[in-house]
Amino acid sequence: MNPTELAEYLDSVRITGDVATPRQDNLKHMHLFLEGNEHLEFGVTRTRAWTYDDVFDLMHDRVGINPDREHTRGQDTIDAGKCIAALDRFADVLGASVRRGERILFATGHPAGLLPVHAALARSAAAAGAIVVAVRGGRVFGEGDIRQIFGVLVWHQHGGLMHTHFPAPMRLALETLADDGLAPPELVVADHGWAGQAASSGLPAIGFADCNDPGLFVSEAQGQLEVAVPLDDNVVPGLYAPLIDYVLTRAGMPPV
């Protein structure tokens, strides 16, 4: 699938284009990020002062949200062209890491949507000679613990895989690796607080972010996160299949 065909597809299934996340949530999350809300800061360390207007302009520039500041409710958008340009950068970073046979850590805070995406990338990376970092499970934090499923770190609570924005699971994963005498990963592929915390910790990291996740785009703009790919991060998982194929082809990685 070429970029034009992919853009049409992504819009048609609302991974981009008129996405499900409402405008009011996008604007609210910008404010909450700036206020340091524990669910929205994603472990991102701000290296300069950011105003609401700064973040709003960034989200229009890098995601493609509606630029009209008077538009406060209803539909909002993610630009397919911006998504694909970011996917190209994402694939280039991932492909280079795989070719070097690096140790790559995969993690997701959105298991209902993105777990199959990360799992496919992890499977292909391993087949091409990279090392998918394994983190010892069982370390408890609060009421949950880290588990690794299909090579992907997730946060587990009460018998279920949890949607989480918190950076604490990534901090716990890195602490576990250090306690076990293992080196940190050479690349992190993640989303939400997993990605933000990794980038703030100085690790090379790339990830996915929705239009209501301003923290990761701020991290990217600050030169911490290497790539933030704008997309709806919680559509039916099978709909991401063409996106996965596109990334693997661009990265020169084997199909899954």
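Results for (1) modelled with pLDDT of 95 or more; (2) in a strand (DSSP E or B); (3) within 18 Å of W50 (Cβ to Cβ), shown as yes or no for each residue.
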site	(1), (2), (3)
F166	no, no, no
A178	yes, no, no
P184	yes, no, no
V188	yes, yes, no
N212	yes, no, yes
F217	yes, no, yes
Q224	yes, no, yes
In region 41-51, anything within 18 Å of the chain's Cα centre (by Cα), crowded, with 17+ Cβ neighbours inside 10 Å and not aliphatic (A, V, I, L, M) is listed as E41, F42, G43
Residue check, G109 crowded, with 22+ Cβ neighbours inside 10 Å, of a type in the set (G, A, S) and at pLDDT 95 or above: yes
Considering region 150-164, residues that are at pLDDT below 95 and open to solvent by 30 Å² or more (accessible area, probe 1.4 Å), and then whichever is farthest from L40 (Cα to Cα), we arrive at G159
Q197: passes all of (1) crowded, with 24+ Cβ neighbours inside 10 Å; (2) in contact with a Lys or Arg (Cβ under 7 Å, 6 or more places away or on another chain); (3) in a loop (DSSP other than H, G, I, E, B) but (3)
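Given the criterion more than 22 Å from L239 (Cβ to Cβ), open to solvent by 50 Å² or more (accessible area, probe 1.4 Å) and β-branched (V, I, T), identify the matching residue among V93, V98, V133, V140. If you could, list the steps in order and put the result at the bottom.
Details: V93 fails: open to solvent by 50 Å² or more (accessible area, probe 1.4 Å); V98 fails: open to solvent by 50 Å² or more (accessible area, probe 1.4 Å); V133 fails: open to solvent by 50 Å² or more (accessible area, probe 1.4 Å).
Exactly one residue qualifies, and that residue is V140.
Anything in region 234-253 that is part of a helix (DSSP H, G or I) and of a type in the set (A, V, I, L, M)? List them, or say none.
L239, A241, L243, I244, V247, L248, A251
May I ask you to say which residue of L177, L187 is out of contact with any strand residue (DSSP E or B) (no Cβ under 8 Å at 6 or more places or on another chain), open to solvent by less than 60 Å² (accessible area, probe 1.4 Å) and farther than 14 Å from V140 by Cβ?
L177
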Among the residues of region 5-24, write down those that are closer than 19 Å to E70 by Cα, in contact with a Lys or Arg (Cβ under 8 Å, 6 or more places away or on another chain) and assigned to a loop (DSSP other than H, G, I, E, B). P22
Residues located in region 25-37, provided they are assigned to a helix (DSSP H, G or I) and over 18 Å from G113 (Cβ atoms): L27, K28, M30, H31, L32, F33, L34
Suppose we filter R46, R89 for residues that are closer than 26 Å to V154 by Cα and either of a type in the set (D, E) or in a loop (DSSP other than H, G, I, E, B) (or both); which single one remains? R46
Pick out the one residue from V236, V256 that is open to solvent by 20 Å² or more (accessible area, probe 1.4 Å), at pLDDT below 95 and hydrophobic (A, V, I, L, M, F, W, C). V256
Can you name the residue in region 52-80 that is acidic (D, E) and either touching an Asp or Glu at 6+ places or on another chain (Cβ under 8 Å) or not in a helix (DSSP H, G or I) (or both) and is also most open to solvent (accessible area, probe 1.4 Å) among such residues? E70
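The values are calculated or read from the model by the stated rules, or taken from the named source; none is laboratory data. All values reported here derive from a predicted model rather than from experimental measurement. For neighbour counting, all protein chains shown are included, and Cβ atoms are generated from backbone atoms with ideal geometry for every residue, glycine included. Please note that ligands, DNA and RNA were not included when accessible areas were found on the heavy atoms of the full protein model with its side chains. Shrake-Rupley method; radii C 1.70, N 1.55, O 1.52, S 1.80 Å.
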